[in-house]
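For reference, the structure discussed in these notes is given below.
What follows draws every value from the coordinates through simple rules; no lab data is involved. Keep in mind that what you see is a predicted model, and the values were worked out from it rather than measured. Because the Cβ atoms are built from the backbone with ideal geometry, glycine has one as well, and the counts that use them run over all protein chains shown.
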Amino acid sequence: MVSYKELGLVNTREMFKKAVAGGYAIPAFNFNTMEQMQAIVQAAVETKSPVIMQVSKGARNYANATILRYMAQGAVEYAKELGCPNPQIVLHLDHGDTFELCKDCIDMGFSSVMIDGSSLPYEDNIALASKVVEYAHKYDVTVEAELGVLAGVEDEVSSAVSHYTKPEEVIDFSKRTGCDSLAISIGTSHGAYKFTPAQCTRDPKTGKLVPPPLAFDILHEIEKKLPGFPIVLHGSSSVPQDEVDTINKYGGKLPDAVGIPEEQLREASKSAVCKINIDSDSRLAMTAAIRKYLAENPSHFDPRQYLKPARENMKKMYIHKIVNVLGSNDKL
Ligand SMILES: [Zn+2]
């Protein structure tokens with residue numbers, strides 16, 4: 001049993017309280033590789049932002065949970081080395097689907113876990129989330145639960161259709177589970193293809209898809225029912241069109257990839273939404289930089305040569321999100 005506190009990590013409790021009161025959101029960036037981890041830490045330190053580093057099922061399969069946990073421990077030390085004496089870094093399990101997995105992560109030093117019972121019947125979701133909360137709170141680990149279902153595909157999490165969160169359920173759910181934050185479904189979606197062309201309109205000038213707006217009415221109703229309660233948005237990449245264009249220009253094929261417009265995330269950040277999950281944008285930034293580099297330098301084969309601009313491009317994207325979209329800069 002390792003406590004996250006010994007590793008210099010923090011849970012989300014104080015962080016979310018301040019974010020809700022201050023009208024900003026904490027970035028939750030997924031990580032799988034050393035380059036992503038370095039870019040996240042550099043961006044957080046340079047902007048003086050708290051940050052959530054999260055590990056999905058796909059990340060655990062790819063990199064191994066133990067390695068990722070040590071990387072998060074390394075992230076804390078790295079932040080100190082970069083001149084941040086008291087970094088606020090959360091190591092979070094993204095989309096935990098069983099009690100055993102959440103327990104394993106808590107026992108190995110995660111400071112926060114998500115238990116995603118959103119695909120289960122309502123009462124079963126409550127029973128599972130309550131069991132995780134009971135265990136997690138013994139070790140002062142915070143728990144995110146989910147009500148409502150997001151569409152889209154992210155690693156092993158996938159659903160063809162979305163079911164918006166029902167505001168009439170949130171009080172009962174949060175009280176009975178004791179969860180610390182609640183992921184809701186208001187029209188965000190996992191992956192780089194968040195909407196089908198049929199769900200969108202097309203900008204006549206650029207030919208790009210314009211996605212349907214988020215259901216802010218549902219968000220505001222939830223806020224009224226649970227004043228000050230931390231709300232989480234999954235599937236909130238914006239799928240920057242300049243990165244998509246770079247990928248397509250250098251041999252990629254991502255037609256009609258579309259995300260959540262940043263103005264809408266900016267608006268959501270000012271509400272009770274205090275954690276915004278961004279994964280696909282990092283993948284796009286990395287792939288765009290690598291494709292461009294290799295196309296322009298066909299004789300190079302040292303991974304450091306193309307991973308360096310990839311890391312820089314991800315860092316630029318993380319800083320942009322922190323400063324221009326979520327507003328979590330200068331909040332340490
Ligand atoms: Zn998610």
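For the reader, a short list of remarks on this structure follows.
- Residue check: Pro212 meets all listed conditions (1) in a loop (DSSP other than H, G, I, E, B); (2) within 21 Å of Val20 (Cα to Cα) but one, namely (2).
- Failed item in (1) within 16 Å of the ligand (Cβ to nearest atom); (2) buried (at least 24 other Cβ atoms within 10 Å of the Cβ); (3) closer than 23 Å to Arg60 by Cβ, with Ser119 passing the rest: (2)
- For Val113: the one exception among (1) within 16 Å of the ligand (Cβ to nearest atom); (2) over 20 Å from Phe16 (Cα atoms); (3) β-branched (Val, Ile, Thr): (2)
- Extreme residue, surrounded by the most Cβ atoms within 10 Å (Cβ to Cβ), among residues of segment 266-301 that are more than 16 Å from the ligand (Cβ to nearest atom) and among the polar types (S, T, N, Q): Ser269
- Any pair with Cβ under 7 angstrom, 6 or more apart, that starts in segment 26-37 at a residue that is under 20 Å from Phe16 (Cβ atoms) and in contact (Cβ under 8 Å) with a residue 40 or more places away in the chain and ends at one that is in a helix (DSSP H, G or I) and among the basic types (Lys, Arg): Pro27/Lys321
- Flag if Ile171 is surrounded by fewer than 21 Cβ atoms within 10 Å (Cβ to Cβ) and either farther than 19 Å from Asp279 by Cα or in contact (Cβ under 8 Å) with a residue 24 or more places away in the chain (or both): yes
- Among (1) free of Cβ contacts under 8 Å to residues at least 40 places away in the same chain; (2) surrounded by fewer than 18 Cβ atoms within 10 Å (Cβ to Cβ); (3) on the phi > 0 side of the Ramachandran plot, the one test that Gly178 misses: (1)
- Residue list for segment 253-283, filter: under 19 Å from Gln36 (Cβ atoms) and out of contact with any strand residue (DSSP E or B) (no Cβ under 7 Å at 6 or more places or on another chain): Gly259, Ser280, Asp281, Arg283
- Residues that are outside any strand (DSSP E or B) and away from the ligand (no atom under 16 Å from the Cβ) within segment 255-265 comprise Pro255, Asp256, Ala257, Pro261, Glu262, Glu263, Gln264, listed in sequence order.
- Checking Lys103 against (1) within 22 Å of Ile278 (Cβ to Cβ); (2) out of contact with any Lys or Arg (no Cβ under 9 Å at 6 or more places or on another chain); (3) more than 16 Å from the ligand (Cβ to nearest atom); (4) of a type outside the set (Val, Ile, Thr), the condition it does not meet: (1)
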